[in-house]
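A.B. asks: Provided herewith is a single structure, encoded as structure tokens, for subsequent inquiry.
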Amino acid sequence: MKNKSLRPLNKLEQRYICQFIRILIPIARDDHHSMRGIARWQIALAMWRWTADAVDIRSGKVRKDAFEYNVDFRRHTQGARDALAASTSAKGLRHEHMVPRSILADEIMKRDMDENNIYHFLCKWCHAVIVTKKEDSKIRPRTRMPDDGNFSTGKLDRRYKDAGLKKKIRKPLGLKSNMADPRAGIAANWMAEICLPHGDPAPRSRSPARSQ
């Protein structure tokens, strides 16, 4: 589902999400706070924003769920890509997180992370995979990890392995597309400001920046 007027969230925009999460952590960690449950829910919801939202290049505004089913900028299975190629509709697809958002939220709360640690943690672990509805039905458990799938073992793709999907996951193909779109009004190396799929910052481009 290509749309050349959209780009991923950049580092600054991702940092805004981290700031929002950081504000909520003390509330979510307070067993006696009346808003504790809502704060935890909002932390997990912020991770949906991390993977599903995009920015309209023309207006500079964030568009909710604009990359929910974008296989050019999100990990996906070949089945999901084929389904999108065969139809203009995303019906039958799911935006699934390799590590359930509730697990990520609990880990952030447990470690009482600051903004910087939240950012690097999400770059490393908060990744969505676009799958078909049939593939999604095989991913179990839904909101927790298998016993040996945790941060200490590093086996955080265990659910996908058990579902037979680990080897079917494809990396996004569009990280280099739209990089130099003159409508963006920003440097051609804006991709250096977002997280790559494996969580490391993208290398800086040596190409000269485009003028606004």
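A.B. asks: For the structure I just gave you, tell me whether L156 is out of contact with any strand residue (DSSP E or B) (no Cβ under 6 Å at 6 or more places or on another chain) and modelled with pLDDT of 90 or more.
C.D. replies: No; evaluated as a whole, the condition is false for this residue.
A.B. asks: From G37, G60, grab the single residue that is assigned to a loop (DSSP other than H, G, I, E, B), out of contact with any helix residue (DSSP H, G or I) (no Cβ under 6 Å at 6 or more places or on another chain) and not β-branched (V, I, T).
C.D. replies: Only one candidate qualifies: G60.
A.B. asks: Is it the case that region 85-101 has a residue that's farther than 18 Å from R170 by Cβ and of a type in the set (D, E, K, R)?
C.D. replies: Checking region 85-101: at least one residue is farther than 18 Å from R170 by Cβ and of a type in the set (D, E, K, R).
A.B. asks: Within region 60-108, can you find the residues that are over 22 Å from I118 (Cα atoms) and among the aromatic types (F, W, Y)?
C.D. replies: Within region 60-108, just Y69 meets the criteria.
Here is a yes/no grid of residues against (1) modelled with pLDDT under 90; (2) in a loop (DSSP other than H, G, I, E, B); (3) out of contact with any Leu (no Cβ under 8 Å at 6 or more places or on another chain); (4) surrounded by fewer than 16 Cβ atoms within 10 Å (Cβ to Cβ):
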position: S102; (1), (2), (3), (4): no, no, yes, no
position: K110; (1), (2), (3), (4): no, no, yes, yes
position: N116; (1), (2), (3), (4): no, no, yes, yes
position: I130; (1), (2), (3), (4): no, no, no, no
position: T143; (1), (2), (3), (4): yes, yes, yes, yes
position: Y160; (1), (2), (3), (4): no, no, yes, no
position: K167; (1), (2), (3), (4): no, no, yes, yes
position: A180; (1), (2), (3), (4): yes, yes, yes, no
position: R206; (1), (2), (3), (4): yes, yes, yes, yes
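A.B. asks: To continue, here is another question. Any idea how many residues of region 118-128 are among the basic types (K, R) and part of a loop (DSSP other than H, G, I, E, B)?
C.D. replies: Summing the residues that are among the basic types (K, R) and part of a loop (DSSP other than H, G, I, E, B) in region 118-128 gives 0.
A.B. asks: Where the second residue is modelled with pLDDT under 95 and among the charged types (D, E, K, R) and the first is under 14 Å from W50 (Cβ atoms) and lies in region 11-27, which pairs have Cβ atoms under 6 Å and are six or more apart or on separate chains?
C.D. replies: Matching pairs, first to second residue: K11/E193.
A.B. asks: A follow-up question, please. Give the number of residues within region 9-33 that are in contact with a Lys or Arg (Cβ under 9 Å, 6 or more places away or on another chain), assigned to a loop (DSSP other than H, G, I, E, B) and surrounded by 13 or more Cβ atoms within 10 Å (Cβ to Cβ).
C.D. replies: Within region 9-33, residues that are in contact with a Lys or Arg (Cβ under 9 Å, 6 or more places away or on another chain), assigned to a loop (DSSP other than H, G, I, E, B) and surrounded by 13 or more Cβ atoms within 10 Å (Cβ to Cβ) number 1.
A.B. asks: Look at region 76-100 and say how many of its residues are assigned to a loop (DSSP other than H, G, I, E, B) and over 12 Å from the mean Cα position of the chain (by Cα).
C.D. replies: 6
A.B. asks: Could you tell me whether any residue of region 63-75 is assigned to a helix (DSSP H, G or I) and either aliphatic (A, V, I, L, M) or touching a residue at least 24 places away in the same chain (Cβ under 8 Å) (or both)?
C.D. replies: no
A.B. asks: Now a separate question. Give region 34-55 a look and list any residue that's among the polar types (S, T, N, Q) and surrounded by 20 or more Cβ atoms within 10 Å (Cβ to Cβ), or say none.
C.D. replies: T51
A.B. asks: Can you pull out the residues in region 88-107 that are touching a residue at least 60 places away in the same chain (Cβ under 8 Å) and closer than 12 Å to W50 by Cβ?
C.D. replies: Scanning region 88-107 gives L104, A105.
A.B. asks: If I go through region 66-91 residue by residue, how many of them are surrounded by 15 or more Cβ atoms within 10 Å (Cβ to Cβ) and in contact with a helix residue (DSSP H, G or I) (Cβ under 8 Å, 6 or more places away or on another chain)?
C.D. replies: Looking only at that region, the number is 10.
The values are calculated or read from the model by the stated rules, or taken from the named source; none is laboratory data. Given the structure is predicted, the values throughout are model-derived calculations rather than measurements. Virtual Cβ from ideal backbone geometry, glycine too; neighbours counted across all protein chains shown.
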